[in-house]
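> My questions all concern the structure below.
The values are calculated or read from the model by the stated rules, or taken from the named source; none is laboratory data. Predicted model, so just to flag it, every value in this text is computed and none were measured. Virtual Cβ from ideal backbone geometry, glycine too; neighbours counted across all protein chains shown. Ligands, DNA and RNA are stripped out before the accessible areas are found, and what is left, the full protein with its side chains, is counted by its heavy atoms. Shrake-Rupley method; radii C 1.70, N 1.55, O 1.52, S 1.80 Å.
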Amino acid sequence: MKQPAAILEELDDWEVLCSFLPEGWEEKARECGALTRARNIGGADALLRVLLIHIANGCSLAETSVRAEQMGLGKLNASAVFKRLRAAEEWLRWMADQMRSSLGIVRPQIEQRVRVVDATAISEPGSTGTDWRIHYAINLADLQCDFFELTDVHGGESWRRFPVAPGDILLGDRGYANPNGVQHVVDAGGDVVVRLNRVGVATVAEQLQLNRNMECPSWVHNGESKPIRGRLVIVRRSRQATEYARKKLRQQASKKQTTVTEASLEAAKYFFVWTTLRSSWSRKQVLELYRSRWQIELAFKRMKSIMGLGHLPKADPRSCRAWLHGKLLTSLLVERMIGEAKTISPWGYELDTAKEHVA
């Protein structure tokens, strides 16, 4: 079976792939400013194909230029591909947002700004072997990347990297579960919803009698200011999810040549989220918020395992945002293709999704 990345390149499959894109995507290219002029490019269809060679397949700008000409998509040098990428930022974001909706990924129905904060490592192909880490925040209302920072691979994950406005709700994985970062968000008038790291979880498992879904008051402090009050929300995992979590624990312990403690194995039965959101937010609402973050992260992880992340245009903030929006679009497109594959037919697509051509 072909990998989704390979399908993106093939002329014969392109029309089928387009059937997964949101309605009106070609017209939106001009509306969003991605195709104000069609110089050296055939149209929105050709432009998206060129961008996906760079974004989805991880080709450099120069290689993208060569491949585009070989495929008859247009004559664009590396500089022209770069400019097209910059101009496509809003178009790529719009398509990603529409794809998110079609996949049923949760969109928070609240007035406050809800932001997914995460970081991903990028190992670029080529002789340099340069490693980067991109730290980004995505507004879950519209999938807009509203902040990013590029560091070398040693740049740690911290909420202190991100500007926070009063009323913001920041969602983070366990890498962000540290008191100094929480203090930064709270001091700015925001709230956090964060998964507890494994050390904290093992401590909780020893201190609490875990036998059900529950929540309890909890405090964090960085030793300099007064403790920050929050809520520890605990939900029991399914048997399958528990076994998966324990398997990961054992694999990681094996790599480090250590053993997994009984407390950690017990804690693996549960999922732990800590939040500063007040009691007006129900336990279920808090967990649904975190679930929306997890769905976006899962799409990125699947994309990385299938395609890798490829070349990052480092010099220009606008192109970096466009690149990130394009990566998110690609990951959601792959999710949609994987979903459709569950009902795959011998010809590889649903008959009512592709255009008819009658001889």
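> What do you reckon, is Arg67 modelled with pLDDT of 90 or more and within 26 Å of the chain's Cα centre (by Cα)? Let's see the steps before the verdict.
Working: modelled with pLDDT of 90 or more: yes; within 26 Å of the chain's Cα centre (by Cα): no.
Criteria not met by Arg67.
> Among the residues of the range 220-239, write down those that are under 28 Å from the mean Cα position of the chain (by Cα), open to solvent by 100 Å² or more (accessible area, probe 1.4 Å) and under 19 Å from Arg195 (Cβ atoms).
If the condition is that a residue be under 28 Å from the mean Cα position of the chain (by Cα), open to solvent by 100 Å² or more (accessible area, probe 1.4 Å) and under 19 Å from Arg195 (Cβ atoms), then Arg236 is the only one that fits.
> Any residue at all in the range 319-332 that's at pLDDT 75 or above, open to solvent by 30 Å² or more (accessible area, probe 1.4 Å) and under 24 Å from Ala80 (Cβ atoms)?
Scanning the range 319-332 turns up at least one residue that is at pLDDT 75 or above, open to solvent by 30 Å² or more (accessible area, probe 1.4 Å) and under 24 Å from Ala80 (Cβ atoms).
> Still on this structure, I have one more. Out of everything in the range 27-53 that is surrounded by 15 or more Cβ atoms within 10 Å (Cβ to Cβ) and not in a helix (DSSP H, G or I), what residue ends up being farthest from the chain's Cα centre (by Cα)?
Checked the range 27-53; the qualifying residue farthest from the chain's Cα centre (by Cα) is Asn40.
> Return yes when Arg278 is in a strand (DSSP E or B) and open to solvent by 60 Å² or more (accessible area, probe 1.4 Å) and no when it is not.
no
> Separate question: I'm trying to understand the selection: among the residues of the range 160-189, which are closer than 18 Å to Glu297 by Cβ, open to solvent by less than 50 Å² (accessible area, probe 1.4 Å), touching a strand residue (DSSP E or B) at 6+ places or on another chain (Cβ under 6 Å) and assigned to a helix (DSSP H, G or I)?
Tyr176 - this is the single residue of the range 160-189 that is closer than 18 Å to Glu297 by Cβ, open to solvent by less than 50 Å² (accessible area, probe 1.4 Å), touching a strand residue (DSSP E or B) at 6+ places or on another chain (Cβ under 6 Å) and assigned to a helix (DSSP H, G or I).
> Answer yes or no as to whether Ile338 is at pLDDT below 85, in a loop (DSSP other than H, G, I, E, B), closer than 24 Å to Trp14 by Cβ and β-branched (Val, Ile, Thr). Give the derivation first.
Details: at pLDDT below 85: yes; in a loop (DSSP other than H, G, I, E, B): no; closer than 24 Å to Trp14 by Cβ: yes; β-branched (Val, Ile, Thr): yes.
So Ile338 fails the test.
> Please go through the range 135-159 and pick out each residue that is crowded, with 17+ Cβ neighbours inside 10 Å and not in a strand (DSSP E or B).
Residues satisfying the conditions are Leu140, Leu143, Glu157, Ser158, Trp159.
> For the range 54-71, how many residues are surrounded by fewer than 16 Cβ atoms within 10 Å (Cβ to Cβ) and closer than 13 Å to Ala88 by Cα?
So the count comes out to 0.
> Filter the range 94-113 down to the residues that are touching a strand residue (DSSP E or B) at 6+ places or on another chain (Cβ under 7 Å) and modelled with pLDDT under 90, then identify the one that is least open to solvent (accessible area, probe 1.4 Å).
Of everything passing the filter in the range 94-113, Pro108 is least open to solvent (accessible area, probe 1.4 Å).
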